[in-house]
């Protein structure tokens, strides 16, 4: 979850004052590194040590003066700007006209072992302070530091902090650095650096791939091109693994360079061999292992480096391998290049795969139908995969912990032996369950969701290790769990062979450890058509889930297997008796060694008892082993967004939808257990679209819908597709109403919280029932406006009605005099304007809102709220998009719009901004009207088209062409005169537009703040 790029951190830490860091680290070690103090902190309750923690870390070590010292920057119990809630601490920045909260601090006691549970509370405080950028959470033992959002963070173990990690802590949190915005600058530089690395690495990687493929094809005509293309990808994957492994010290450092160096030396000694032969020898070492005088290579295997009949018998030019492998080895694959960067690169490379395959088949490639577009392949951003995994795998884990009784936010570690034993038993029960959870992405691509699920499960096991160490008061030893997770918990299928290879590689790269074999992922990550098992339709890609994953679905069709030995090999049953003997002997040998190995012996002995407890399972038939309640526990993913021929999917209940993602919904629900969790991000068209009725019906009848979260149309780069995250549980749920799930209920509830509806604070009246035939332009009569005349904060023009008409249709003058907010009936966007005269009447297409008490709610405050993006989102979500040709907002809906209830003094900034919007829009309209008036006076027969009306948005050349269309031609001298006038007036209009746009955006941000929205919630609204 790292916030920063290593190279950027390195640059900034080199600029730190060494003496200041050393002095601070000495102070830090004396307190937080003292074992006796650590134990006392663990025994303290939150309120007992809260202020002591702030003083020790932030005052004594990081240099903040605390209230009531002069010019203090550190506060305890800082109250929110918008409500009475308080953060445990806050860091202030003093500016000329105000003191701004730039960081909030939320503290818990050490019994709160999972700091992620503090995130929502802490970010709620952040969002109540408009200038706040940083969030700090801690349980006194660990500390997390966030910038802007909760997606990534830096975590520091304060009781076990190295000098290097302390430097980063000091860089981020020391007074001068934080107040001067250094962490924000580091993050911005890191984002920029990551983008640069991604672009450059992708360029170098794709160049290598294309040149390598072309060279292999040229030198190896005995093999067909498609085979060589696939083998080129496999060879590249092998090189990538070695690049990662050598930089992460899984292999001898600079292995690639050493191979090239040795090759050059042999060449100089007249003992030339092709460079590729040297690399093949190294691949063999990776498969079987090698122990030489100067270095040792572990047999990582995993099937990745096993002999390959094609790769072992092809020829490659030395120059191609020499130049490109050296170039790629210059990257730091330990600190600069992570698996997420590779994910982006791999997804981009799928486009190239399509191009090369088209070349092989002699087809012209339609660039508009690249792999991404044709197959609906889009790389899923991390914040989406994180959200989906936490709300499926995380939700399932929370359910289980609640069931077992270990999901308390604060687990009090008892000193009683019996209580400790009970807690350990609960932890072991939960871990046993966790080791068996099964998670599948049926359209896994390069493995973004699988990697996120892997991260989550590893983190969950780490939390158990930490908790167990605290209960037993023993040193922390992390479980060697990664391979077990890969082999038993993570599953994926994709129709693209290259994507499957990449997904396997990404999982290997994330879990590879020195001296540990790679997991064989061929049984977990597979290639096939997830939706079709008929070979007559899908050919070799036909995929039978029950046959391919017998360890998940059982062995109902035993005739599909040659013998029971095949079943045994699919999911081998542990030999617990053998394990007991091996671990007992190993524990005895370890215990007889030096004292420092005694801890390891204890752990191994514990394993003996764990295996012994499982002996009963040996009585189960091999065929039934691990097969109770068949199906996956969780299905997650981002299925392809492609319209298809529905006749191929005639067996699906949702066949009429004609979209692959609809069939993935149905298939996914068929693949999970009862009460299993399911979540996809897909286009949101199915929510209301007519042709998706069968999908909506299927979901209602076959699942409990947890939520449908609208994510807008900017989730995927270069793709304008409105998307939604749908989360389900496979269970029967009667009386579900689809409309209940259209909105993001949590966000809607937050908007409603501490708000009053319009009907509670005002009275509303529709305007006069006067038709257009009664309206004209005689300025001597009564001024009149219609819905067509107004826009947000402005009036385009006024019309007039005569006295007789007015008296005939007259209503209560109360609604047509003084301060009033007018809201337009028609249109998909809420449009409101403000009037404060006693002369203007309006027709029925405008509702007049009169505030009951303007000392409680100012009309201009109401105006700014109603015109905001937040209220527009609320209207579209709660009242649903009207499918009429001319959508309308009903008077009953206006009455149900929530207005945040804040003191009149807090409304002042909104009133000021609304005044600016009204005055600047009035200026702009006057300027535009003056221009039109001049035109019509000059050209009496001029028809005012839309383009002419919006002249300030045109170039002068287009303006002239529009006049020519209207049979008006200007001489050159007239054109010159009009050009000067046009450009001068356009410049004035643009200046006003800029002020209006800036003020409008500022109002939106102010509205988000007073409603207490998080960054993610703001993102949802802005993209809706």
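The values are calculated or read from the model by the stated rules, or taken from the named source; none is laboratory data. No experiment lies behind these values; they were computed from the predicted model shown. Counting neighbours? That spans all protein chains shown, and the Cβs are built from the backbone with ideal geometry, glycine included.
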### Query
Quick one: how many residues across the range 642-651 are surrounded by fewer than 21 Cβ atoms within 10 Å (Cβ to Cβ) and modelled with pLDDT of 75 or more?
6
### Query
When you look at residue 208, is it in contact (Cβ under 8 Å) with a residue 24 or more places away in the chain and outside any loop (DSSP other than H, G, I, E, B), yes or no?
yes
### Message
Against the definition (touching a helix residue (DSSP H, G or I) at 6+ places or on another chain (Cβ under 7 Å) and more than 28 Å from residue 831 (Cβ to Cβ)), how does residue 910 come out, yes or no?
### Response
no
### Message
Let me spell it out: the conditions are (1) in a helix (DSSP H, G or I); (2) within 35 Å of the chain's Cα centre (by Cα), and residue 927 meets all of them except one. Which number is the exception?
### Response
(2)
### Message
So in the range 784-794, with the set limited to residues that are out of contact with any strand residue (DSSP E or B) (no Cβ under 6 Å at 6 or more places or on another chain) and in a strand (DSSP E or B), which one is surrounded by the most Cβ atoms within 10 Å (Cβ to Cβ)?
### Response
794
### Within the range 966-1012, tally of residues that are surrounded by 13 or more Cβ atoms within 10 Å (Cβ to Cβ), on the phi > 0 side of the Ramachandran plot and out of contact with any helix residue (DSSP H, G or I) (no Cβ under 9 Å at 6 or more places or on another chain)
0
### Summary
For the range 838-863 the number of residues that are assigned to a loop (DSSP other than H, G, I, E, B) and under 21 Å from residue 761 (Cα atoms) is 7
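Which of the residues that make up the range 833-853 are within 18 Å of residue 755 (Cβ to Cβ), surrounded by fewer than 18 Cβ atoms within 10 Å (Cβ to Cβ) and either free of Cβ contacts under 8 Å to residues at least 60 places away in the same chain or in contact with a helix residue (DSSP H, G or I) (Cβ under 7 Å, 6 or more places away or on another chain) (or both)? Lay out the reasoning, then the answer.
Restricting attention to the range 833-853, the residues satisfying the condition of being within 18 Å of residue 755 (Cβ to Cβ) are 849, 851-853.
Still in the list and also surrounded by fewer than 18 Cβ atoms within 10 Å (Cβ to Cβ): 852-853.
Residue satisfying the conditions is 852 alone.
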### Query
Name the residues in the range 528-553 that are surrounded by 17 or more Cβ atoms within 10 Å (Cβ to Cβ) and not in a helix (DSSP H, G or I), would you?
528, 529, 530, 531, 532, 533, 543, 549
### Query
Out of the range 94-125, which residues are in contact (Cβ under 8 Å) with a residue 60 or more places away in the chain and either touching a helix residue (DSSP H, G or I) at 6+ places or on another chain (Cβ under 9 Å) or farther than 27 Å from residue 45 by Cβ (or both)?
102, 103, 107, 108, 109, 110, 111, 112, 113, 114, 123
### Query
Given (1) within 30 Å of residue 903 (Cβ to Cβ); (2) in contact (Cβ under 8 Å) with a residue 40 or more places away in the chain; (3) surrounded by fewer than 17 Cβ atoms within 10 Å (Cβ to Cβ); (4) over 36 Å from the mean Cα position of the chain (by Cα), where does residue 829 come up short, assuming only one miss?
(4)
### Message
Here is a check on your reading of the model: is residue 568 modelled with pLDDT of 90 or more, outside the structural domain of residue 333 (by TED's automatic domain parsing), exposed (fewer than 15 other Cβ atoms within 10 Å of the Cβ) and assigned to a helix (DSSP H, G or I)?
### Response
no
### Query
Out of (1) closer than 19 Å to residue 175 by Cβ; (2) part of a loop (DSSP other than H, G, I, E, B), the odd one out for residue 3 is which?
(1)
### Query
Which helices (runs of 4 or more DSSP H) sit wholly inside the range 213-297 and have at least 2 residues that are under 35 Å from the mean Cα position of the chain (by Cα) and at pLDDT 90 or above?
225-247
### Query
Checking residue 426 against (1) over 30 Å from residue 380 (Cα atoms); (2) surrounded by fewer than 19 Cβ atoms within 10 Å (Cβ to Cβ); (3) modelled with pLDDT under 90, which single condition isn't satisfied?
(3)
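Scan the range 798-808 and give yes if some residue there is assigned to a strand (DSSP E or B), in contact (Cβ under 8 Å) with a residue 24 or more places away in the chain, under 41 Å from the mean Cα position of the chain (by Cα) and crowded, with 21+ Cβ neighbours inside 10 Å, otherwise no. First the steps, then the outcome.
Residues of the range 798-808 assigned to a strand (DSSP E or B): 799-801.
Checking the rest, the ones that are also in contact (Cβ under 8 Å) with a residue 24 or more places away in the chain come to 799-801.
Of the ones still in play, those that are also under 41 Å from the mean Cα position of the chain (by Cα) are none.
No, every residue in the range 798-808 fails to be assigned to a strand (DSSP E or B), in contact (Cβ under 8 Å) with a residue 24 or more places away in the chain, under 41 Å from the mean Cα position of the chain (by Cα) and crowded, with 21+ Cβ neighbours inside 10 Å.
Pick out the one residue from 293, 267 that is farther than 19 Å from residue 314 by Cα and either surrounded by 12 or more Cβ atoms within 10 Å (Cβ to Cβ) or in contact with a helix residue (DSSP H, G or I) (Cβ under 7 Å, 6 or more places away or on another chain) (or both).
Working: 293 fails: either surrounded by 12 or more Cβ atoms within 10 Å (Cβ to Cβ) or in contact with a helix residue (DSSP H, G or I) (Cβ under 7 Å, 6 or more places away or on another chain) (or both).
So the residue among 293, 267 that is farther than 19 Å from residue 314 by Cα and either surrounded by 12 or more Cβ atoms within 10 Å (Cβ to Cβ) or in contact with a helix residue (DSSP H, G or I) (Cβ under 7 Å, 6 or more places away or on another chain) (or both) is 267.
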### Task
Hey, could you check the range 325-341 for residues that are within 23 Å of residue 211 (Cβ to Cβ) and part of a helix (DSSP H, G or I) and say which is modelled with the lowest pLDDT?
341
### Message
Take residue 939 and tell me if it is outside the structural domain of residue 864 (by TED's automatic domain parsing), more than 45 Å from the chain's Cα centre (by Cα) and touching a residue at least 12 places away in the same chain (Cβ under 8 Å).
### Response
yes
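Kindly indicate which of 910, 886 is at pLDDT 90 or above, farther than 14 Å from residue 790 by Cβ and either in the same structural domain as residue 785 (by TED's automatic domain parsing) or not in a loop (DSSP other than H, G, I, E, B) (or both). Steps first, please.
Numbers: 886 fails: at pLDDT 90 or above.
Only one candidate qualifies: 910.
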### Task
For residue 521, indicate whether it is buried (at least 19 other Cβ atoms within 10 Å of the Cβ), assigned to a helix (DSSP H, G or I) and at pLDDT 85 or above.
no
### Message
For the range 58-93, give me each residue that is modelled with pLDDT of 85 or more and assigned to a strand (DSSP E or B).
### Response
66, 74, 75, 76, 88, 89, 90, 91, 92, 93
### Task
Answer yes or no: is there a residue in the range 432-449 that is at pLDDT below 90 and assigned to a helix (DSSP H, G or I).
yes
